[in-house]
Amino acid sequence: MNFTRALLVPWVLAMVIGCGDDDAAGDNPGGGGSGAVGGAGGSSTCTAKMPDTYPAADWDANTAVEADVIARFKAFQQPMKDAELSAAVKPTASALTGLFDAGSPSLRSITTPYYASKIDGLIAEFEKAAGNAWKPAEPPPVSGGIYSKNIFDARGRDLRQAIEKGMFAATTFNTAVALVASNPDAKAVDRMLALYGAHPSFPHDDKDPNHPDQFTAQYAKRRDDKTSANPGPYRKLKLSFIAARTTAAAGADCAADRDAAVKAIKTDWERTLMSTVVFYANDAAKKLTVDPPTDDDVAAGLHSLGEMVAFVHGYRQIDSAERTLTDQDIDDLLALLGAPATGDATSYKYATETATEVGKLPQVSAKLKAIYGFTDVEMEQFKVAY
């Protein structure tokens, strides 16, 4: 457990566990169903009381920009989703680029310059692949195309996943950390929460009819068994967001507590995505080694591989102070996955040379376990989608 989480989570959990317990509530400064930060592991000067729920009186007004960005993010993805469903749909590079560049702020403008340039290349490949049929082969065919339910480039990269899931770090995380970089107020925390993909109601449900969890929040939900007494990433992030929002509204006396909560959010956001890479490593291995494999099995395995690549690659060249994963870590992981940051991808070999390549997936998981200090129990839990 890192220092920030050690500082933040115990007192937040104490507040939540104490809610509804008359004796515990009576011991808290301020009483009632929630306690003050000071005296519970936070700053001695902060007397903000932790509520049970996220304060969201101004949510819609505060997150209007993010609502527009999210709508345009989905609009950018939709033609590519449609092309995966029908070979008759062939979005052009200019049309996709127009969606990437539309609006203010545009998706391009809030994406790291490094990954924005990668997206330009991926868009060009998507135009070439849409409408074609593809199958992994050695040597790779001239162009990519639809294979089962997804569109791959000639060398086995799942193109839409490379764009969409890479943007979870390169766009939404990158923008969120910029919003809270210096003395964030309550509005900045609201905007960060919107970019994370959750609503103040925190439904813990990506099928909720009103406010489904999306983007990184959807994956935090999948890594968190809500029937367990031990909070997983979704519930930890919920507590941290409540703490950040409350202390940000409380002013200078709570600045240290606010900063600790924000740091915990950034840390667990990244850990959520990397634990999901562990999930997909296990998933890809299972699908690629079905005996005998169908095209659907192989395509699903390459799709899982594509998710892994995108989640990792999106963090490349984000401010190193804002993440645990280093660019060298990223390059090492991408090499194992056959999708180096520079040079030709060899992801297709996971299908054509499965016996050799699939052994690299446990190496990816082991590397992430070492980087983040995941426990053996956590590594097993990460293999399940809740």
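The values are calculated or read from the model by the stated rules, or taken from the named source; none is laboratory data. These figures come from a predicted structure and were not determined experimentally. Cβ sites come from the backbone with ideal geometry, for glycine too, and all protein chains shown count toward neighbours. For the accessible areas, the whole protein counts, side chains as well, though only heavy atoms, and no ligand, DNA or RNA atoms are used. Shrake-Rupley method; radii C 1.70, N 1.55, O 1.52, S 1.80 Å.
Things to note:
- Some residue of segment 244-262 being out of contact with any Gly (no Cβ under 7 Å at 6 or more places or on another chain), free of Cβ contacts under 8 Å to residues at least 24 places away in the same chain, more than 30 Å from Asn150 (Cβ to Cβ) and of a type in the set (Asp, Glu): yes
- Options Arg72, Arg5: the member that is of a type in the set (Lys, Arg), open to solvent by less than 40 Å² (accessible area, probe 1.4 Å), at pLDDT 60 or above and in a helix (DSSP H, G or I): Arg72
- Residue-level check: of (1) open to solvent by less than 10 Å² (accessible area, probe 1.4 Å); (2) within 29 Å of Lys287 (Cβ to Cβ), Leu195 misses just (2).
- So Asp344, is it of a type in the set (Asp, Glu), open to solvent by 60 Å² or more (accessible area, probe 1.4 Å) and free of Cβ contacts under 8 Å to residues at least 12 places away in the same chain: no
- Members of segment 326-335 found to be surrounded by fewer than 18 Cβ atoms within 10 Å (Cβ to Cβ) and either closer than 21 Å to Glu138 by Cα or over 21 Å from the mean Cα position of the chain (by Cα) (or both), listed by number: Ala335
- Filter pass, Arg316 being part of a helix (DSSP H, G or I), within 20 Å of Met167 (Cα to Cα), open to solvent by 20 Å² or more (accessible area, probe 1.4 Å) and not small (Gly, Ala, Ser): no
- Among the candidates Thr289, Thr272, Thr276, Thr267, residue that is surrounded by fewer than 24 Cβ atoms within 10 Å (Cβ to Cβ) and within 16 Å of the chain's Cα centre (by Cα): Thr267
- Within segment 211-243, restricting attention to residues that are touching a Lys or Arg at 6+ places or on another chain (Cβ under 9 Å) and among the acidic types (Asp, Glu), the residue that is nearest to Lys74 (Cα to Cα) is Asp213.
- The residue that is surrounded by the fewest Cβ atoms within 10 Å (Cβ to Cβ), counting only those in segment 90-106 that are more than 25 Å from the chain's Cα centre (by Cα) and in a loop (DSSP other than H, G, I, E, B), is Thr92.
- Taking segment 109-127 as the range and being surrounded by fewer than 18 Cβ atoms within 10 Å (Cβ to Cβ) and either under 18 Å from Ser148 (Cβ atoms) or of a type outside the set (A, V, I, L, M) (or both) as the test, the residues that pass are Ser109, Pro113, Tyr114, Ser117, Asp120, Gly121.
- In segment 296-313, residue most open to solvent (accessible area, probe 1.4 Å) [restricted to those that are of a type in the set (D, E, K, R) and in contact with a Lys or Arg (Cβ under 7 Å, 6 or more places away or on another chain)]: Asp297
- Residue match in segment 55-67 (condition: assigned to a helix (DSSP H, G or I), under 26 Å from Val189 (Cβ atoms) and of a type in the set (Val, Ile, Thr)): yes
- Residue tally, condition among the small types (Gly, Ala, Ser), within 18 Å of the chain's Cα centre (by Cα) and either at pLDDT below 95 or not in a helix (DSSP H, G or I) (or both), over segment 352-385: 1
- Flag if Ala87 is open to solvent by 30 Å² or more (accessible area, probe 1.4 Å), without any contact (Cβ under 8 Å) to a residue 60 or more places away in the chain and not acidic (Asp, Glu): yes
Okay, residues lined up against (1) open to solvent by 10 Å² or more (accessible area, probe 1.4 Å); (2) farther than 23 Å from Tyr115 by Cβ; (3) touching a residue at least 60 places away in the same chain (Cβ under 8 Å):
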| position | (1), (2), (3) |
| --- | --- |
| Ile163 | no, no, yes |
| Ala169 | no, no, yes |
| Thr175 | yes, no, yes |
| Asn183 | yes, yes, yes |
| Val189 | no, yes, yes |
| Ser240 | no, yes, yes |
